[in-house]
Amino acid sequence: MSLAEPEREFREKTQWSLQGACREKPYYGSYFFPTSPHDPLIPTAKAICARCPVSQECAQYAWQNQEPHGIWGGIDEWERRRALLLYTVLTRPVEPVQTVEVSVEITFHF
């Protein structure tokens with residue numbers, strides 16, 4: 001496989017991104033990679049995603065590829081981490097509960 005093959009596959013998988021509202025100037029890049037969950041640009045980036053025609057594809061791509069950075073489809077990296085943790089907890093196999101039969105005799109004295 002040539003070095004160009006993975007790049008071609010990536011471009012085919014992300015063709016939708018060419019229609020992204022985030023590609024418009026002056027937004028491209030800087031708004032979508034905050035350095036903390038309290039970055040003041042996050043609401044602006046999410047507002048741009050809210051009007052984007054490919055936000056669903058974008059969010060799905062980030063989820064499927066476990067994208068560790070940035071805002072994708074209106075979902076920031078901290079929200080994706082929390083969602084992944086919740087998904088992991090809710091879908092992990094649960095050990096069967098062992099039941100024990102207990103007999104108790106209660107006597108009342110009046």
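Suppose every Lys and Arg Cβ carries +1 and every Asp and Glu Cβ carries -1, with no other charges. What dipole size does the chain come out with about its Cα centre, to the nearest 20 debye? If you can, show how the numbers build up before the last one.
On the way: 11 positive and 14 negative charges, 111 e Å.
Dipole of the chain, to the nearest 20 debye: 540 debye.
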Relative to the chain, whose Cα atoms define the longest principal axis, helix 55-64 and its Cα axis are tilted in degrees, nearest 10, by 60
In degrees, nearest 10, the alpha-carbon axis of helix 77-91 is tilted away from the dominant principal axis of the alpha carbons of the chain by 40
Looking at the chain, which longest stretch skips every one of the GluC sites (Glu not before Pro) that is in a DSSP loop with at most 15 other Cβ atoms within 10 Å, leaving the sites themselves out? 25-100
Counting just the Cα atoms, what span does the chain cover along each of its three principal axes? Round to the nearest Å and put the largest first. 85, 43, 24
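Just so you know, all these numbers are worked out from the coordinates, no wet-lab data involved. The model shown is predicted, which means the values in this text are computed figures rather than measured ones. Backbone-built Cβ (ideal geometry, glycine too); neighbour counts: all protein chains shown.
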